[in-house]
Structure formats: structure tokens, C-alpha cells
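The values are calculated or read from the model by the stated rules, or taken from the named source; none is laboratory data. Note that the coordinates shown come from a computational prediction; the quantities given were computed from them, not determined experimentally. Here Cβ is always computed from backbone atoms with ideal geometry, including for glycine, and neighbour counts include all displayed protein chains. Quick note on the areas: whole protein, heavy atoms, side chains included, nothing else; ligands and nucleic acids left out. Shrake-Rupley method; radii C 1.70, N 1.55, O 1.52, S 1.80 Å.
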Amino acid sequence: MAVPLGAFVAVSAVLFFIGTAGVLVRRNAVVILMSVELMLNATNLALVAFSRRYASIDERGSVFVIFIFVVAAAEVAVGLAIVLSAYRNKPTVDVDELRQMRG
Amino acid sequence: MGFLEGAFFAVLTIGIIGAGAGVVLANRITTSALLMAFTFLNVAGMFLLLGAETVAMFQVLIYVGAITVLILYGVMFTPQVPRPYGLFFQTQKFWAALFVVPIAIFVALVAFAFRDTAAVGAKGGDLLPLATSVFRDFAFPFEVASVLLLAAMVGAIVLVKRDDE
């Protein structure tokens, strides 16, 4: 039995949901960044699966995956820089206690 | 071959879901980071199973290599007083649950109602079509992506630079 497309979509959905739960439920800013990366990975999985399934339309899905890689790298670099500079002002990465960016 | 594919898929699925849940549930943040790297490795295995070996290689290089190291540096530079387990969930548990549960139901409905029984698998490499797309149809977005990376690098340096030197 070869693996159907729906199975990949289901795994991707579960991973995306795990990431969402991590973002909403954890307090540590670094863990929130990790959960966002999990969500991006879930979308990558769905994109690649669909792109392989409908390969007649020229493998475009994998191109978007490459761009997601770029954006994820940029996002995690800037996100960690924000966390580190906030940590320098007040030694915590707890998002409940970081309030200096509140308007 | 078909059975082997299914077995690989099952192992990778267990790895992805188990390690992904571990990232969210682990108490020690270093454990979370390493489990995240393990999740990325399993997703790379999924890409290999799909026959997208170029994307799998990029996944290992960028996610398992670069992003995990970056996150581990972030963990290293932000030492924490260890908390007892239940405390590290947010105080607004009720609102979080209010969002999480509908999203979970919706995602489950969408994903498991999806019916496409055609098998997905390897059929030729993906390097050639990928390179053709990136350097022909997506050449301009490719250049813009490099500008984005440069801007992110400069921004990260500016954000963490100390003012007193």
C-alpha cells in the first residue's frame, strides 16, 4: 500500500495544530518561536505533498517551500534578537511579564 | 516496496507527532529545542518519502542546522529560574482553550474529510523542476528574498547591539 495524499495532509494538520497550541499555551518566548517553526514546517509538508501529487503543474509548491525557508530563517533571527534585547532590559523571557512593548 | 513505504510513513508520523507534542509539553527548554530538531529531521524524512530530495536537503541544512543552532543560542543566552511544572502555562488558560478547541475541531474536520486516494510518491527527482521554476519564473522573488535576509541580518545585529560601546 502506497501512502495516499490525505495521510500527508492529516499529519500536516496535526503538526500545525500542535504548533498553534504551543503558541497559545506556553509562556516562554523561545518556546513560542519554536512552535511557530513547527507550524511553518507543517505548511511545508502540505505544500510538498500537494506539489508532488499534482506535479503536472510544474513543481510550484516546492518553490514556495524554499521561500518559506527564507522567511523562517529571517523570522527566527529577528525574533531571537527581540527576545534577547528584551531579556537585557528585564531578565525574563516570560511573555506574561514582558510588557515594555505594550502601547 | 509498497509495504516498506507505509512502514516508513508510520514511523515518521509517530516521530513527528510525538516529538512535536514533546516540544510543547516538555518542562526543560533544552529538551524542547532538541525535540524540535528531531521533528524537523522526521519532516525531512517525509520529504524524502515524497521524492522531494532537494527540499529534504534544504530542510536538514536550514532547519536542523541553522535554525536549531540559533534557537539553542537563544536558550543559552536567556537563563531561566526553573519553575514547577503547572506554572508555565499562561494565566489566561480559559481564553487559550476557547481558541484551541475550535481550531482543533476545524483542523480535524478539514484534514480527515480530505479524500484523495491516489498515492503520492517518488517520480523522478525534484531538483530540475525546482531549479527551473526558481531561476526562470521566480527569479525576481528570489532576489527579493535575498534582500529580506540581508535586512533581517542587519536588523538582528542592530537589535542586540549594546549602546554603550
Global form of the protein assembly as shown, assessed from the alpha-carbon gyration tensor, a/c cut-off 1.5: oblate
The range A:5-89: relative contact order in percent, alpha carbon pairs under 8 Å with at least 6 residues between: 28 percent
Within 10 Å of each Cβ in B:108-115, the average number of Cβ atoms from other chains: 5
Longest to shortest principal axis, alpha-carbon extents of the range A:1-50, angstrom: 42, 15, 12
The range B:43-67 and the range A:1-57: distance between their alpha carbon centers, rounded to Å: 14 Å
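Just to make sure I understand: if all protein chains stay in place, what is the order of A:90, B:161 by accessible area at 1.4 Å, largest first?
Sorted by accessible area, descending: B:161, A:90.
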For the range B:8-25, 3J(HN,Hα) per residue [Karplus equation, 6.51 cos²θ - 1.76 cosθ + 1.60, θ = phi - 60°, Hz, x = Gly/Pro]: 4, 4, 5, 4, 5, 5, 4, x, 5, 6, x, 5, x, 5, x, 4, 6, 8
